[in-house]
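Q: Below: one structure in structure tokens.
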Amino acid sequence: MTQNPMDWSNDPGLALNRRHFFAKGGLGLGTAALAALLGEGAAGSEPGALPAIPAPTGALSAYHVAPRARRVISLFMSGGPSQLDLFDYKPLLNQYNGKDLPDSVRMGQRLTGMSANQAELPMAGSIFKFARHGQSGAWMSELLPHTAGIADELCIIRSLYTEAINHDPAITFFQTGSQNAGRPSMGAWLSYGLGSENDNLPTFCVLLSQKRPDQPLYSRLWGNGFLPSVHQGVQFRAGADPVLYLDNPPGISAAGRRAMLNRLRALHQIEYERTLDPAVSARIAQYEMAYRMQTSVPEATDLSNEPDHVYDLYGPDARKPGTFAANCLLARRMAERGVRFIQLYHPGWDHHGGLPSGIRQLCRETDQACAGLVTDLKQRGLLDDTLVLWGGEFGRTSYSQGKLTATDYGRDHHPRCFTVWAAGGGIKSGTVHGATDDFGYSVVDGGVHVHDFHATVLRLLGVDHERLTFKHQGRYYRLTDVAGKVEPKLIG
């Protein structure tokens, strides 16, 4: 992999083995940057005040290609939604419902330990009705009436595939481009490469639905990995304190906190001059960001001034803090204020049994809010430069896990094909990309690997995925590792 001349790892402040040679230049630039940082006011920026696709302020001094999007809102359905009950209509499964999946279809592919010991793999047709929607004629389940109403805004990708067959490595792979924990997440990469459009809010914000997950969501999924810690995703919580430990402790005034930070900055500056350690600069930046967030976060998360018609757009749950609908509304407010990457997680989609009742509930919780978000962004002129992503870590099997009845079934994990959708931000709207076989088991046309998906997302943001790299432990890393290619058919 070639060296990236715009990589922060070439900055003298980060290359500690060259720090004495570069000490004066590195320190001068660092001091100037810190002075500019500390000169910022504490008030949050007003929505709608952002210029059109400004130059990046991160590791990249310029875009590699013309950007179509400036921010991302990722709606991650943790657990693996069943594409066969939502988007990938397979009438043949209904025709052969209950019959064993042919060996010629499976071709000896591995199964999880949860269904490997089943004597049979009975095909399970969806019990839900499907219909075509939009100019693309996209098939959608009756479970998604609101999403069906925005079909012409969507690019539905029915041919995504991944490498992991179990949740933890699959979620980690989708978020970071690697099944191994410890790599930077997509939001961290974009924070590192493109920087911030609002210095008073984190570049990368994370919102989790307030419900009991059926599998854990670890903070490393929105971690910075080996990138500087300023690129870590910041989790926002429902309630009076959206960000923990942000408020001043009892008895500490704003003036006292400012004085303490000034003295702490001076001590850190001495340490930085001695070592040129980038972690010291990152710590200073984080302290200052937290100070500014004391004003900007309460303003951004205050939904009380949203009119009734906006709440109606997102659905009744939008008035309940911590719900997926409320988080979607909050994501729109963050997008207005220049947050680069907004990650929502909604767990519960792991339906090994009781799928019909489980997926009904999950769709009630998410369908209107997803459609409302896309509609709201479009009405405000934000959809053109906001890329909205929807999907999980893998798909579900076309055969039933456990007992198949006329009204109930489950589906196991299936990495060979699954469906995601995207809207806005230069994506080719009103289209359906790719196809699976008649049994919904394998991709037969237009396959998109997770690395390809990441490469295409970066391209829409003006980034060449092969050129956004970071040197760590002697080699250059990137989000797409050593693979991935842009899929031009997904770009409008």
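The values are calculated or read from the model by the stated rules, or taken from the named source; none is laboratory data. The model shown is predicted, which means the values in this text are computed figures rather than measured ones. Cβ coordinates were reconstructed from backbone atoms using ideal geometry, including for glycine residues, and neighbour counts include every protein chain displayed.
Q: Where residues in the stretch 439-486 are aliphatic (A, V, I, L, M) and assigned to a loop (DSSP other than H, G, I, E, B), which of them is farthest from ALA124 (Cα to Cα)? Break it down into steps so the answer makes sense when it comes.
A: Pass one, the stretch 439-486, residues aliphatic (A, V, I, L, M): 443-444, 448, 450, 455, 457-458, 460-461, 463, 468, 479, 482-483, 486.
Now restrict to residues that are assigned to a loop (DSSP other than H, G, I, E, B): 461, 463, 468, 479, 482-483, 486.
Numbers: LEU461: 40, VAL463: 42, LEU468: 43, LEU479: 36, VAL482: 37, ALA483: 35, VAL486: 34 Å.
In this case the residue turns out to be LEU468.
Q: Right, another one. Just one of LEU84, LEU75 is in a helix (DSSP H, G or I), touching a strand residue (DSSP E or B) at 6+ places or on another chain (Cβ under 8 Å) and at pLDDT 95 or above; which is it? Outline the logic, then answer.
A: Details: LEU75 fails: in a helix (DSSP H, G or I).
Exactly one residue qualifies, and that residue is LEU84.
Q: Among the listed residues ARG71, ARG110, which satisfies the condition of being under 27 Å from THR456 (Cα atoms) and either touching a helix residue (DSSP H, G or I) at 6+ places or on another chain (Cβ under 7 Å) or of a type in the set (D, E, K, R) (or both)? Break it down into steps so the answer makes sense when it comes.
A: Working: ARG110 fails: under 27 Å from THR456 (Cα atoms).
Exactly one of ARG71, ARG110 is under 27 Å from THR456 (Cα atoms) and either touching a helix residue (DSSP H, G or I) at 6+ places or on another chain (Cβ under 7 Å) or of a type in the set (D, E, K, R) (or both), namely ARG71.
Q: Looking at the stretch 285-321, which of its residues are surrounded by fewer than 18 Cβ atoms within 10 Å (Cβ to Cβ), within 24 Å of the chain's Cα centre (by Cα) and part of a loop (DSSP other than H, G, I, E, B)?
A: ASP302, LEU303, LYS320, PRO321
Q: Just give me the residues in the stretch 275-328 being touching a His at 6+ places or on another chain (Cβ under 7 Å) and free of Cβ contacts under 8 Å to residues at least 60 places away in the same chain, in sequence order. I'd like the intermediate steps shown before the answer.
A: Going residue by residue through the stretch 275-328, those that are touching a His at 6+ places or on another chain (Cβ under 7 Å) are 280, 283-284, 324.
VAL280, ARG283 - these are the residues of the stretch 275-328 that are touching a His at 6+ places or on another chain (Cβ under 7 Å) and free of Cβ contacts under 8 Å to residues at least 60 places away in the same chain.
Q: Within the stretch 248-302, which residues are of a type in the set (Asp, Glu) and more than 28 Å from ARG237 (Cα to Cα)? Working first, answer last.
A: Applying the first criterion (of a type in the set (Asp, Glu)) to the stretch 248-302 yields 271, 273, 277, 288, 299, 302.
Across the stretch 248-302, the qualifying residues are GLU271, GLU273, ASP277.
Q: Okay, moving on. Find the residue count for the stretch 423-438, including only residues that are over 21 Å from CYS370 (Cβ atoms) and either touching a strand residue (DSSP E or B) at 6+ places or on another chain (Cβ under 7 Å) or part of a strand (DSSP E or B) (or both). Explain how you work it out, then say what you get.
A: Filtering the stretch 423-438 down to residues over 21 Å from CYS370 (Cβ atoms) leaves 435-438.
The next check asks that each one be either touching a strand residue (DSSP E or B) at 6+ places or on another chain (Cβ under 7 Å) or part of a strand (DSSP E or B) (or both); those that pass are 435-437.
Looking only at that region, the number is 3.
Q: If you check LEU92, LEU86, which single one turns out to be surrounded by fewer than 22 Cβ atoms within 10 Å (Cβ to Cβ), closer than 24 Å to MET140 by Cα and touching a residue at least 24 places away in the same chain (Cβ under 8 Å)? Walk me through how you get there before you give the answer.
A: On the way: LEU86 fails: surrounded by fewer than 22 Cβ atoms within 10 Å (Cβ to Cβ).
After ruling out the rest, the residue left standing is LEU92.
Q: Same structure, new question: Tally the residues that are part of a helix (DSSP H, G or I) and modelled with pLDDT of 80 or more, restricting the search to the stretch 260-278. Break it down into steps so the answer makes sense when it comes.
A: Restricting attention to the stretch 260-278, the residues satisfying the condition of being part of a helix (DSSP H, G or I) are 260-275, 278.
Next, only the ones that are modelled with pLDDT of 80 or more stay: 263-275.
Summing the residues that are part of a helix (DSSP H, G or I) and modelled with pLDDT of 80 or more in the stretch 260-278 gives 13.
Q: Out of the residues in the stretch 151-188 that are surrounded by fewer than 21 Cβ atoms within 10 Å (Cβ to Cβ) and more than 17 Å from the chain's Cα centre (by Cα), which is farthest from PRO356 (Cα to Cα)?
A: Looking at residues that are surrounded by fewer than 21 Cβ atoms within 10 Å (Cβ to Cβ) and more than 17 Å from the chain's Cα centre (by Cα), I get ASN180.
Q: Only one residue in ILE171, ILE156 is in contact with a His (Cβ under 9 Å, 6 or more places away or on another chain) and aliphatic (A, V, I, L, M). Which one?
A: Values: ILE171 fails: in contact with a His (Cβ under 9 Å, 6 or more places away or on another chain).
Matching residue, one of ILE171, ILE156: ILE156.
Q: So the check is Cβ under 6 Å with 6+ separation or different chains; which pairs have a first residue in the stretch 141-170 that's in contact (Cβ under 8 Å) with a residue 24 or more places away in the chain and farther than 17 Å from TRP349 by Cα and a second one that's in a strand (DSSP E or B) and among the hydroxyl-bearing types (Ser, Thr, Tyr)?
A: Listed by first residue and then by second, the contacts come to CYS155/THR431; ARG158/THR419.
Q: I'd like to verify a number: residues in the stretch 127-154 that are small (Gly, Ala, Ser) and farther than 19 Å from LEU383 by Cα, how many? Show your work before the answer.
A: Of all residues in the stretch 127-154, those small (Gly, Ala, Ser) come to 131, 134, 136-138, 141, 148-149, 151.
Remaining after also requiring farther than 19 Å from LEU383 by Cα: 131, 136-138, 141.
Residues in the stretch 127-154 being small (Gly, Ala, Ser) and farther than 19 Å from LEU383 by Cα: 5 in total.
Condition check ((1) surrounded by fewer than 23 Cβ atoms within 10 Å (Cβ to Cβ); (2) in contact with a Cys (Cβ under 6 Å, 6 or more places away or on another chain); (3) basic (Lys, Arg); (4) farther than 24 Å from ASP384 by Cα) across all residues:
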residue	(1), (2), (3), (4)
GLY425	no, no, no, no
PHE439	yes, no, no, yes
VAL450	no, no, no, no
ALA455	no, no, no, no
HIS465	no, no, no, no
ARG475	yes, no, yes, yes
GLY492	yes, no, no, no
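Q: Another question, then. Would you check which residues across the stretch 337-361 are in a helix (DSSP H, G or I) and crowded, with 22+ Cβ neighbours inside 10 Å and list them? Explain how you work it out, then say what you get.
A: If we filter the stretch 337-361 for residues that are in a helix (DSSP H, G or I), which is where we start, we get 355-361.
Passing the criteria: LEU355, ILE359.
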